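Participant: I have a structure I would like to understand better, so I am pasting it below and will then ask my questions one at a time.
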Amino acid sequence: MSHEINKIAIVGAGPVGLLVAILISRLGIPVDLVDVGEGVDMRPRGAAYGPSAVRVLRRAGVLDQIRANGIELNHFCWRKVSGEWITGLKDCFDETYTDRFAILPVDKLSMLLYENLKKYPTAKVYWEHNFTGLTQDAEQVTISTEHKGQTKTFTADFLVACDGGRSGVRRALFGRRFPGHTWEHQIVATNVRVETTMMEKYGWSDIFWMIDPEYWCVVAKIEASPDVWRVSYGEPGHLDEKELRARCAGKLAKILPGDPQPGDYELERFSPFKLQQRCAEKMTVGRVTLAGDAAHICNPIGGYGLTSGIADIGSLVDCFQGIHEGRASINILNKYDQSRREKYYTVTDALSTANLKRLFLPGDDALMLDPGLQQIAEAARNPVTAKAYFQASDNLSVDMTQFWDIKPIQENGTTAIHA
Ligand SMILES: Cc1cc2nc3c(=O)[nH]c(=O)nc-3n(C[C@H](O)[C@H](O)[C@H](O)COP(=O)(O)OP(=O)(O)OC[C@H]3O[C@@H](n4cnc5c(N)ncnc54)[C@H](O)[C@@H]3O)c2cc1C
């Protein structure tokens, strides 16, 4: 019996959907990728991806392009609202650490992935196709989409849902259930273009977090010369977009150095997001798998959102490779579910929660109150320990080839596959 996968369908051409499409195409499996949008989503969101994501981006053959188009991280720190440095690490860039953070805004990352995906003739992308429902049996999955008023269906051996935090596929499987909680704060993500000298004058680092109950934020340089900074700051959850826009200039004046007023910078993008910690009750149901924000969401402090989604993809592609090559049974997708949810709760949820709560502390007392900051202050005393700390480790990958459960055996000089 042939184990080969004939086709995989993907819902959602965000960064996770595009990346899994590339990796599946590299296995020689055709993909159909559908997305409700007219093209790549350009809203400002993620920009920094940790070592677990970097490994998967390398496997997809896109890491060098990302590094060439992005910027390198050399410093990071925590500050008080006055701008005063609390602690941080300086001059830690090390080209020889090949798993170091990759920095490229998510919209640019998605465009780059989309361009790469076009190289695979067996990958087809269908924009303006709104997922509306699914059915599955022991052999295949069929999804329905709505395209310009017409219903269009796609049938495949497996479905990967990468349709983001409001996933329709997840709702088709579990209704409105998405266990977790919503924070009482929201975050406003802005792109602010400033003269390079404005930040250099104040010696600001590539990325910093401001610790303050009112003005907590994360600020990261995402483009150089002229500089574009991603300033993502907290606001009370009940404010609507009009109220948020009215407060934006005041927030930026307090957060950015030198009390800049709207004429001193260009506000290129402005997007409010709810802050939530949630994980689907299962990431596999039969032949349907969830990945990225469709499966789990977290607050963005520390950059665990997309990094976790990309790590899902590394594990999932191991599973598809095993099935396609006759080395793993479909049961491996249940292992995918278990191991990825475990990573969500033990790493993604735990660390992103600690990272956010740290920012709510009073800046004057943060170092005294927070053991995480104390560890950084300790590491910063010595350039060797500082560099080691800076080189965050891969804490989200799971190598699923360890669960391949069909062993190849030699028969008459040829390789056969047996359970
Ligand atoms: C302010 C902010 C900063 C962040 N910073 C970081 C960071 O530094 N590092 C990091 O790792 N993460 C970060 N994140 C998180 C990161 O942006 C997300 O985890 C990531 O974008 C999720 O990617 P995705 O592909 O899973 O989903 P999405 O990017 O949401 O893509 C989902 C796709 O599915 C499509 N879709 C939705 N519904 C349908 C439907 N019914 N039919 C067809 N298609 C559909 C959408 O059009 C979209 O293209 C940040 C998030 C925010 C809000």
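The values are calculated or read from the model by the stated rules, or taken from the named source; none is laboratory data. Please read all numbers here as calculations on a predicted model, not as lab measurements. Cβ coordinates were reconstructed from backbone atoms using ideal geometry, including for glycine residues, and neighbour counts include every protein chain displayed.
Participant: So, of the residues in segment 377-412 that are β-branched (V, I, T) and at pLDDT 95 or above, which turns out to be surrounded by the most Cβ atoms within 10 Å (Cβ to Cβ)?
Facilitator: Across segment 377-412, the extreme among qualifying residues is V398.
Participant: Okay, next question. Within segment 376-393, identify whether any single residue is under 22 Å from L19 (Cα atoms) and either in contact with a strand residue (DSSP E or B) (Cβ under 8 Å, 6 or more places away or on another chain) or touching a residue at least 12 places away in the same chain (Cβ under 8 Å) (or both), and answer yes or no.
Facilitator: yes
Participant: Kindly indicate whether any position in segment 73-82 is away from the ligand (no atom under 12 Å from the Cβ), under 21 Å from V192 (Cβ atoms) and basic (K, R).
Facilitator: yes
Participant: Under the condition of being among the small types (G, A, S) and within 14 Å of the ligand (Cβ to nearest atom), which residue from segment 162-175 is farthest from R278 (Cα to Cα)?
Facilitator: A172
Participant: Here's something else I'd like to know. Which numbered condition trips up N191, out of (1) within 12 Å of the ligand (Cβ to nearest atom); (2) of a type outside the set (F, W, Y); (3) without any contact (Cβ under 8 Å) to a residue 60 or more places away in the chain?
Facilitator: Failing condition for N191: (3).
Participant: Also: Limited to segment 132-148, what total is found for residues that are in contact with a Ser or Thr (Cβ under 7 Å, 6 or more places away or on another chain) and without any contact (Cβ under 8 Å) to a residue 12 or more places away in the chain?
Facilitator: 1
Participant: Can you confirm whether segment 361-374 contains a residue that is touching a Cys at 6+ places or on another chain (Cβ under 7 Å) and at pLDDT 95 or above?
Facilitator: Scanning segment 361-374, I find no residue that is touching a Cys at 6+ places or on another chain (Cβ under 7 Å) and at pLDDT 95 or above, so the answer is no.
Participant: Further, regarding this structure: Under the condition of being within 10 Å of the ligand (Cβ to nearest atom) and within 17 Å of T190 (Cβ to Cβ), which residue from segment 42-61 is nearest to the chain's Cα centre (by Cα)?
Facilitator: Among those residues, the one meeting the criterion is G46.
Participant: One residue is enough: does segment 98-112 have a residue meeting the conditions under 20 Å from I8 (Cβ atoms), touching a residue at least 60 places away in the same chain (Cβ under 8 Å), within 22 Å of the chain's Cα centre (by Cα) and more than 10 Å from the ligand (Cβ to nearest atom)?
Facilitator: No, every residue in segment 98-112 fails to be under 20 Å from I8 (Cβ atoms), touching a residue at least 60 places away in the same chain (Cβ under 8 Å), within 22 Å of the chain's Cα centre (by Cα) and more than 10 Å from the ligand (Cβ to nearest atom).
Participant: If you don't mind, there's one more thing I want to ask. Are any of the residues in segment 143-154 in contact with an Asp or Glu (Cβ under 6 Å, 6 or more places away or on another chain), within 14 Å of the ligand (Cβ to nearest atom) and on the phi > 0 side of the Ramachandran plot?
Facilitator: So far as segment 143-154 goes, no, none of its residues is in contact with an Asp or Glu (Cβ under 6 Å, 6 or more places away or on another chain), within 14 Å of the ligand (Cβ to nearest atom) and on the phi > 0 side of the Ramachandran plot.
Participant: Another question about this same structure. Quick one: count up the residues across segment 176-203 that are small (G, A, S) and either in contact with a Leu (Cβ under 7 Å, 6 or more places away or on another chain) or over 22 Å from F273 (Cα atoms) (or both).
Facilitator: Qualifying residue count, segment 176-203: 1.
Participant: Taking the options G302, G322, name whichever one is in a loop (DSSP other than H, G, I, E, B), surrounded by fewer than 24 Cβ atoms within 10 Å (Cβ to Cβ) and touching a residue at least 24 places away in the same chain (Cβ under 8 Å).
Facilitator: G302
Participant: Would you be able to tell me the number of residues in segment 170-179 that are free of Cβ contacts under 8 Å to residues at least 12 places away in the same chain and either in contact with a His (Cβ under 6 Å, 6 or more places away or on another chain) or part of a loop (DSSP other than H, G, I, E, B) (or both)?
Facilitator: Total satisfying the criteria: 2.
Participant: Restricting attention to segment 1-31, which residues are more than 6 Å from the ligand (Cβ to nearest atom) and closer than 14 Å to D163 by Cα?
Facilitator: A9, I10, L18, L19, V20, A21, listed by residue number.
Participant: OK, next. Quick one: which of L23, L33 is assigned to a strand (DSSP E or B) and surrounded by 18 or more Cβ atoms within 10 Å (Cβ to Cβ)?
Facilitator: Step by step, each of L23, L33 is checked, and only L33 is assigned to a strand (DSSP E or B) and surrounded by 18 or more Cβ atoms within 10 Å (Cβ to Cβ).
Participant: For N334, only one of the following conditions fails: (1) of a type outside the set (A, V, I, L, M, F, W, C); (2) assigned to a helix (DSSP H, G or I); (3) more than 30 Å from G286 (Cβ to Cβ). What is its number?
Facilitator: All conditions are met except number (3).
Participant: Further, regarding this structure: Testing L252 on (1) more than 30 Å from I313 (Cβ to Cβ); (2) surrounded by 19 or more Cβ atoms within 10 Å (Cβ to Cβ); (3) free of Cβ contacts under 8 Å to residues at least 60 places away in the same chain, one condition comes back false. Which one is that?
Facilitator: (3)
Participant: All but one of (1) without any contact (Cβ under 8 Å) to a residue 60 or more places away in the chain; (2) within 29 Å of H324 (Cβ to Cβ); (3) touching a strand residue (DSSP E or B) at 6+ places or on another chain (Cβ under 9 Å); (4) of a type in the set (S, T, Y) hold for T151; which doesn't?
Facilitator: All conditions are met except number (2).
Participant: Of all the residues that make up segment 282-297, how many are more than 20 Å from I330 (Cβ to Cβ) and more than 8 Å from the ligand (Cβ to nearest atom)?
Facilitator: Within segment 282-297, residues that are more than 20 Å from I330 (Cβ to Cβ) and more than 8 Å from the ligand (Cβ to nearest atom) number 1.
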